[in-house]
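The values are calculated or read from the model by the stated rules, or taken from the named source; none is laboratory data. This structure is a prediction, so every number in the text was calculated from the model and none was measured. Positions of Cβ are backbone-derived with ideal geometry, glycine not excepted, and every protein chain shown enters the neighbour counts. SASA here: full protein model, heavy atoms, side chains in, ligands and nucleic acids out. Shrake-Rupley method; radii C 1.70, N 1.55, O 1.52, S 1.80 Å.
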Amino acid sequence: MSKDISTQYTKEQNKKCGRMGYCGFKREKETVIPISDYGIVVAKGRELVCPEYGYILSCNQNVAKELDKVTKIGSIIKTTEDQVIVKNDVDHSNLLLLEHYLNILVNRSDNGKENLYDYDYKSLNSYIDELVKIQQEIKTYYDENHSDKADEYSIFANELRINNLAYKATDIYNKAYCASTESNYVSNRSGWIFPTSCTSLEEVKQLIKHYNDTNINLIYLPVFDGCTIFDSKYVPYNPKFAGNFGEYGNNNFLKAFVEEAHKVGIEVHGWSTNFHVGFSGGANILFNSHPEWQQVYYDGKVDNLDDEMTERDLLYFDQANPEVHQFYADFYNELLDFIPLDGFHMDYIRYAAGNDLISKDSVYCTVGANNKLHEKHCLSRSTGYTTYAMNDFLKTYGYSSTANMKELVKDVNVYSKWTQYRTSRVTSFVEKIYNEVIKDRNMLLSIAIVPEVEHAIANKMQDWTTWVNNGWINILNGMHYNSSPSYIYDTIEEGDALINQELYIYPGILVSSYYDLPPIYNVYYYEAANSYYNMGAAIFDLQGIWSKERILYSTSNPDYETLLKLGSHRNKAVTPHGDLDKIVEAFKNDINQKCDNLYIPNDCMNNSQKEALIKELSKLNDNDPSILKNQLEELKNNISSYCSGNAQDRINEYIDIIVEICNIRIK
């Protein structure tokens, strides 16, 4: 294809086009699914990411203008060396769409059967049969519309029938895709919840029932976001959770939620937004009561309402101030003395976005003449300029106490030191919380972080690899919030290369309604997030699994809750960081049912081999991870005694997960 006409970007090329994964940013583009010699347009615009099974067609300005006039969602595209051919034929588009669905599902089914993956084959085969019938129906109506006998009325009626069948096919495809995923019995099924309000015990029970029905096993519950949900002497109670919680008393949402969640086996980790304490225009009682702690931007304001800022209305406390650090240590100790949470989760352990001014990938400004930074639309977006921080910086780096800090940071070299200073203060805070709050309690500490390591430091002063490698962190939740599944996987892989400590890693994904995408994309995201470590993922936010997306996509797509139940969450699971005896029991039960359902029926194991394997599994130590690891590695070395073919690969994969869990506990 002539490069001056158009360019196709696959997902492999797309991930090289900038940190947000956008290609050809200034060009109109179509996201295309290729089928045979054709492609179907499934999205249009400038800021697109490549679909998992397609490409982006990016055209030069003149061609893009013409293409934009004639293409729409569902248009058929065919490219030649010097042309982009567009055809708007609803009937043909839907036929191609059915072909696309069936190609994906049949390939996944065949691959699963060959490799002995634990899919829901009964449901999957039924869904595929339904799609084949729909394909035949659409083909019948298509042929009628393209016959010599077709009249205007019959064509219109058949097009309506075809559209309705296509909606039905999309619903079936989504469910079938989920049936072609595994649901592990040892897996983290966590998520952040952000309930808008809850004022009674009955509402608490209703919330937890939703999560339990979806086999969620860990919830990050907001215990601090400028307010709290228990009676604290440090932080005001959130009025949105004021009410009578029955046996737990008045204004005690925290205890009611934790106790009720524990009744159904769901862990609750306290989620704190740390330095982020409110929003512009809110009540902000805590923020307003401590003006001496308020974080300020370069221009002296506490918020930045620049339209290009991603966190323009967020309010922060001073990340550098030791008084702020002590305040949080005191509050967290009070919280954890009040109720025994299953873990503590730290979020917003950073500065506000807008500080990436001098890196080669800066999205905020470019360096001017003489290595100087401009104030407007550059330094004005950076933060940290409190009286305490500026004075402490001048002292730490040997500048005169009377120096003009805001003039100094215009120099790129000084600004680099300013970045180092702010980063070190955030790290000192994490170390303090670990030593003074977490360590003696022997409690799990998890963190939500910006996964792109260099960007995390340059933009938000978040040096999370140092925290991990110092051994302060037990669970890592990278915020892999992107509409491209391949981008999610790539950022997980890049971060893993910089970690030299063993810890539980549960990548975070953002529900697809934030991107105005249907719920099936959540399945793609979860699949990408889980595939690297195979220990599960975390969803932000769990409210989106049954409320927001049902409203947006109820016509042709099952909601996310339904998809979870059909796919990755169809089985109950224990968390990888949970009790070792429960993990071992889940592992043994899992292997047992796979022997009956997969390995024996596919002639990779006989009954006597199964009995021998189950006997060996019964000997596994469920108290000491070192002993258990040795037993599992011995079992892996002798796996050919118990099975053959792909059953060996699958059992070894499941063993590897438990061995990794042992490694984390040993370290």
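Numbers below:
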quantity	calculated
Net charge dipole size for the stretch 217-366 [Lys, Arg +1 and Asp, Glu -1 on Cβ; Debye, nearest 20]	220 debye
Cross-link table 572/636; 113/636; 572/629; 122/629, entries beyond 32 Å C-alpha to C-alpha	122/629
Isotropically averaged projected area of the stretch 63-191, using the convex hull of Cα atoms (one quarter of hull area), nm²	12.4 nm²
Per-residue HN-Hα couplings for the stretch 462-477 [Karplus 6.51, -1.76, 1.60; θ = phi - 60°; Hz; x = Gly/Pro]	10, 9, 5, 5, 5, 4, 5, 6, 7, x, 7, 10, 9, 10, 10, 10
The stretch 182-329, relative contact order in percent, only Cα pairs under 8 angstrom and at least six apart counted	20 percent
Sequence of 194, 317 from largest to smallest accessible area, 1.4 Å probe	194, 317
Per residue accessible area in Å² of the chain, where ligands, DNA and RNA are left out and the probe is 1.4 Å	43 Å²
Violating pairs (Cα-Cα greater than 24 angstrom) within the set 175/263; 301/406; 209/582	175/263
Residue 538 long-range amide H proximity, modeled H, under 5 Å	508, 509
DSSP beta bridge pairing in the stretch 206-355, given as percent antiparallel to the nearest 5	30 percent
Kirkwood Rh, Cα atoms: Rg over Rh of the stretch 368-446	1.13
Residue 367 versus residue 406: modelled label distance in nm, points set 7 Å from Cα along the beta carbon direction	2.4 nm
Estimated FRET transfer efficiency (residue 146, residue 572; beta-carbon r; R0 51 Å; 0.05)	0.50
Of all DSSP beta bridges in the chain, antiparallel share, percent nearest 5	45 percent
Radius of gyration and Dmax over the Cα atoms of the stretch 594-658, both given in Å	11.7, 35
Residue-by-residue Karplus 3J(HN,Hα) for the stretch 569-580, coefficients 6.51, -1.76, 1.60, Hz, glycine and proline x	10, 6, 9, 5, 9, 9, 6, x, 8, x, 4, 5
Residue-averaged [θ]222 nm for the chain, counting only DSSP H segments that reach four residues, each worth -39500 (n - 2.57)	-13500 deg cm²/dmol
Average silhouette area of the stretch 140-192, convex hull of alpha-carbon atoms, in square nanometres	6.0 nm²
Volume of the Cα convex hull of the stretch 493-538, divided per residue and given in Å³	73 Å³
Kirkwood-type radius of the stretch 426-548, with distances r between different C-alpha atoms, in Å	15.2 Å
Shape call, the stretch 250-336: gyration tensor on alpha carbons, a/c limit 1.5	prolate
Percent accessible area from carbon and sulfur atoms, the chain, protein chains only, probe 1.4 Å	46 percent
Sequence of 220, 127, 514 from largest to smallest accessible area, 1.4 Å probe	514, 127, 220
Difference of contour (0.36 nm per residue) and Cα-Cα distance, residue 441 to residue 395	13.0 nm
Dipole of the stretch 395-491, positive direction: furthest Cα of 424, 403, 473, with charges on the beta-carbon	403
Two-site label geometry, residue 589 and residue 493: point separation in nm, points 7 Å out along Cα→Cβ	3.5 nm
Sequence-distant residues sharing a close amide H with residue 271 (under 5 Å, placed H)	221, 223, 224, 345
Potential lengthening between residue 623 and residue 280 on full extension [0.36 nm per residue; Cα-Cα distance subtracted]	118.4 nm
Residues with amide H under 5 Å from that of residue 374, placed H, sequence gap 5 or more	368, 379
Positive-end residue of 573, 374, 658, charge dipole of the chain with Cβ unit charges	374
Label-point separation in nm, residue 161 to residue 66, each point 7 Å along Cα→Cβ	3.8 nm
With all protein chains modelled, accessible area of residue 79 [1.4 Å, Å²]	40 Å²
In order through the stretch 126-139: 3J(HN,Hα) via Karplus (6.51 cos²θ - 1.76 cosθ + 1.60), integer Hz, x for Gly, Pro	5, 5, 4, 4, 4, 5, 4, 5, 5, 4, 5, 5, 4, 4
Cut-off 16 Å, label 7 Å out along Cα→Cβ of residue 326, residues of the stretch 419-452 by amide N	429, 432-433, 436-437
Relative frequency of Cα-Cα separations exceeding 38 Å in the chain, percent	44 percent
Residue 481 accessible area, 1.4 Å probe, all protein chains in place, Å² to nearest 10	60 Å²
Cα Rg, Dmax (largest Cα-Cα span) when computed across the stretch 333-413, Å	17.9, 57
Largest to smallest accessible area among 381, 108 [probe 1.4 Å]	108, 381
With all protein chains modelled, accessible area of residue 161 [1.4 Å, Å²]	110 Å²
Where Rh is the Kirkwood radius over Cα pairs, Rg/Rh for the stretch 549-659	1.10
Aspartates and glutamates with Cα under 20 Å of residue 87, excluding same-chain neighbours fewer than 8 positions away	28, 30, 37, 66, 68, 99, 143, 144, 152, 159
